[in-house]
Structures are given as structure tokens and as C-alpha cells.
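Readers should treat all values here as calculations from the given coordinates under stated rules, not as data from a laboratory. Since this is a predicted model, take the numbers as computed values, not measurements. Cβ sites come from the backbone with ideal geometry, for glycine too, and all protein chains shown count toward neighbours.
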Amino acid sequence: MQASDTRSATDVEFVTFHAGGQSFSLDITHVREIRRWTAVTPLPHAPQEVLGVMNLRGSVIPIYDLSACFGLGTTPESPRNVVVVAMIGSQTVGLLVEAVSEILSVTRDRIQDTPDIRSDTTRQSITGVITIDDGMTRVIDLAAVIHARSRQAA
């Protein structure tokens, strides 16, 4: 029996990371790679959360400061900062985060609904909450986070 056969069909894996001092998670199927932070090329008139663009093996991708996307301030410079390269449909984007924590494997029933806090943006951006040993991590819908910020900037 292979290891994948022993897993429940309801298991889902997340990459967990910190942004704005908070824990967030992204479905691992959206993550392409994790890279060390390197300087980006700024773009004029870009929204505050768009740090600029980066050349990723011949493709130019936008780099978003995830902390700024959530209104948690800008990410302070640190040698631990990384860029999570992720896919939103066919678009590749980079997310500056403070650090990647772990790969979290949970059953779907451990993902609790986001509490109703009367914020449509929060309900769309945070699709659930997972309780872990020493706290909670928020499950993000990356497309909603990026597109919500785009709509607010327009």
C-alpha cells in the first residue's frame, strides 16, 4: 500500500506562513515555489501592496506584500522574508511574507467557517479558520485577496 492510499480523501494540505504577525494558510495546490526575498523592480503608480515585479525564469510576475493586502502594515525587512510564488488561475503572482511555517495536513472537517464580522471583504478573503496547537491559522482565498485590493484601488 502506498502512503497516499492511507490518507483520507478528505485531507487537504496548506502552506502556512506569517504576514503582519499573523498566521495564514494557502492551499498547497496553488503554491508553485518558495523563494528567498530579492529586490524587485518598482512600478510607478502601483497600489501600496504591490511592491513591484520580479523576473522568474523569463516571466515577469507582480509581487504583493501580503501584510499590506490585509491592512496589517508593510512587511518589515528581515533575512527570513520569503516570496511564495502562487497561481491564481493562469496568473502567477509572488507574495512577500515574513516566514513560511510548515505544511499543514488536515481533514476538511477541521476547517471552521469564518465568523460573521459583517465584512464582505473578510468573508471573501478568509474562507476558514483552522485551530492548531498554539493558536489559529486563517485559510485565504488568494484570488479574492488580490482582486479585492484591485477593486479598492480602482
Here the gain from full extension of residue 11 to residue 48, 0.36 nm per residue of separation minus their alpha-carbon distance, amounts to 9.7 nm
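Between residue 102 and residue 78, what's the calculated FRET efficiency when r is the beta-carbon distance and R0 is 22 Å? Round to 0.05. Write down the numbers at each step before the final one.
Details: r = 18 Å, r/R0 = 0.83.
The computed FRET efficiency comes out at 0.75.
Under a point-charge model restricted to the Cβ atoms of Lys and Arg (+1) and Asp and Glu (-1), what is the dipole moment magnitude of segment 10-153 relative to its Cα centre, in debye to the nearest 20?
Values: 12 positive and 16 negative charges, 97 e Å.
With only Lys, Arg, Asp and Glu charged at Cβ, the dipole is about 460 debye.
What is segment 10-153's relative contact order, in percent, from Cα pairs under 8 angstrom and six or more apart in sequence?
Details: 284 pairs, mean separation 38.8, N = 144.
Rounded, it is 27 percent for segment 10-153.
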Residue span residue 57 to residue 110: 0.36 nm per residue of separation minus Cα-Cα distance leaves a gain in nm of 15.3 nm
Residue span residue 131 to residue 28: 0.36 nm per residue of separation minus Cα-Cα distance leaves a gain in nm of 35.3 nm
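Write down Rg/Rh for segment 10-153, rounded to two decimals, with Rg from the C-alpha atoms and Rh from the Kirkwood relation over Cα pairs. Don't jump to the answer; show the numbers that get you there.
Numbers: Rg = 14.7 Å, Rh = 15.5 Å.
Rounded to two decimals, Rg over Rh is 0.95.
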